Amino acid sequence: MTHRFDFASPEREFLSPEAVTSARRIFHKRILCERLVHRWPGNISTHHKALVQVIRFDQELADLMSGIGKSLFDWLGSKQPPLPEDLCLFRVNDRWPTLVSVTHERDAWILSRNQPSIERVQESSFSIDELLIPHGDPDFLGDQV
């Protein structure tokens, strides 16, 4: 099954050229689009826009990514090599993501109807509206992809 994979990193003065180079090297031909936005799942940036890339995600990329960062929270722009932050995973044509993360805060949410069989997962007190930017917002990338 093919998934859509989104991530965001802060723009320009907040985004190191190394992080952009690293992301483009890792994702290469899988990049479907790039945009500077203020909002993406799990985040609202009030001071600056962020570069969000939409990536075609498949098992081959999952294997590659797991070899680069052993943990979801290894995906940080401040790490060496700098890696894109705020990983978010959508199934194609689904309205809501299945994974939302804010890696620099060490937060992640799995949106599922069933309890995932992963260690240390607990039910969140957040509602889906608190985690996601509402659809229809012109500055939210999710509606254009």
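Within segment 57-67, is there a residue that is closer than 21 Å to residue 107 by Cα, crowded, with 17+ Cβ neighbours inside 10 Å and of a type in the set (Gly, Ala, Ser)? So far as segment 57-67 goes, no, none of its residues is closer than 21 Å to residue 107 by Cα, crowded, with 17+ Cβ neighbours inside 10 Å and of a type in the set (Gly, Ala, Ser). Selection of segment 53-75 for residues being among the hydrophobic types (A, V, I, L, M, F, W, C), under 15 Å from residue 88 (Cβ atoms) and either more than 11 Å from the chain's Cα centre (by Cα) or not in a strand (DSSP E or B) (or both) yields 57, 61, 62, 65, 72, 73, 75. The set of residues in segment 29-66 that are without any contact (Cβ under 8 Å) to a residue 24 or more places away in the chain and of a type in the set (Val, Ile, Thr) contains only 46.
One line per residue, one yes/no per condition, for (1) at pLDDT below 80; (2) in contact with a Ser or Thr (Cβ under 9 Å, 6 or more places away or on another chain):
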site: 43; (1), (2): no, no
site: 55; (1), (2): no, no
site: 70; (1), (2): no, no
site: 76; (1), (2): no, yes
site: 84; (1), (2): no, yes
site: 117; (1), (2): yes, no
site: 127; (1), (2): yes, no
site: 131; (1), (2): yes, yes
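Going through (1) part of a strand (DSSP E or B); (2) surrounded by 14 or more Cβ atoms within 10 Å (Cβ to Cβ) one by one, residue 82 falls short only on (1). For segment 87-103, a residue qualifies if it is free of Cβ contacts under 8 Å to residues at least 40 places away in the same chain, out of contact with any helix residue (DSSP H, G or I) (no Cβ under 6 Å at 6 or more places or on another chain) and outside any loop (DSSP other than H, G, I, E, B), and exactly one does: 99. A count restricted to segment 17-52 and to residues that are outside any loop (DSSP other than H, G, I, E, B) and small (Gly, Ala, Ser) stands at 4. Which one is surrounded by the most Cβ atoms within 10 Å (Cβ to Cβ) among residues in segment 15-37 that are of a type in the set (Ser, Thr, Tyr) and out of contact with any Gly (no Cβ under 7 Å at 6 or more places or on another chain)? Restricting to residues being of a type in the set (Ser, Thr, Tyr) and out of contact with any Gly (no Cβ under 7 Å at 6 or more places or on another chain), the top hit is 22.
With respect to (1) surrounded by 12 or more Cβ atoms within 10 Å (Cβ to Cβ); (2) touching a residue at least 24 places away in the same chain (Cβ under 8 Å), the lone exception for residue 106 is condition (1).
Restricting attention to segment 87-99, the residues that are in contact with a Ser or Thr (Cβ under 9 Å, 6 or more places away or on another chain) and over 18 Å from residue 70 (Cβ atoms) total 5. As a summary of the residue check, residue 51 satisfies the conditions (1) at pLDDT below 80; (2) touching a Ser or Thr at 6+ places or on another chain (Cβ under 6 Å) except for the one numbered (1). Suppose the filter is at pLDDT 85 or above and in contact with a Cys (Cβ under 8 Å, 6 or more places away or on another chain); does residue 32 pass it? Taking the combined requirement at face value, the residue does not satisfy it. The set of residues from segment 109-128 being in a loop (DSSP other than H, G, I, E, B) and either among the hydrophobic types (A, V, I, L, M, F, W, C) or in contact (Cβ under 8 Å) with a residue 12 or more places away in the chain (or both) comprises 111, 112, 118, 121, 124, 126.
The values are calculated or read from the model by the stated rules, or taken from the named source; none is laboratory data. All figures in this text were calculated on a predicted structure; none of them were measured in a lab. FYI the Cβ positions are ideal-geometry reconstructions off the backbone, even for glycines, and counts take in every protein chain you see.
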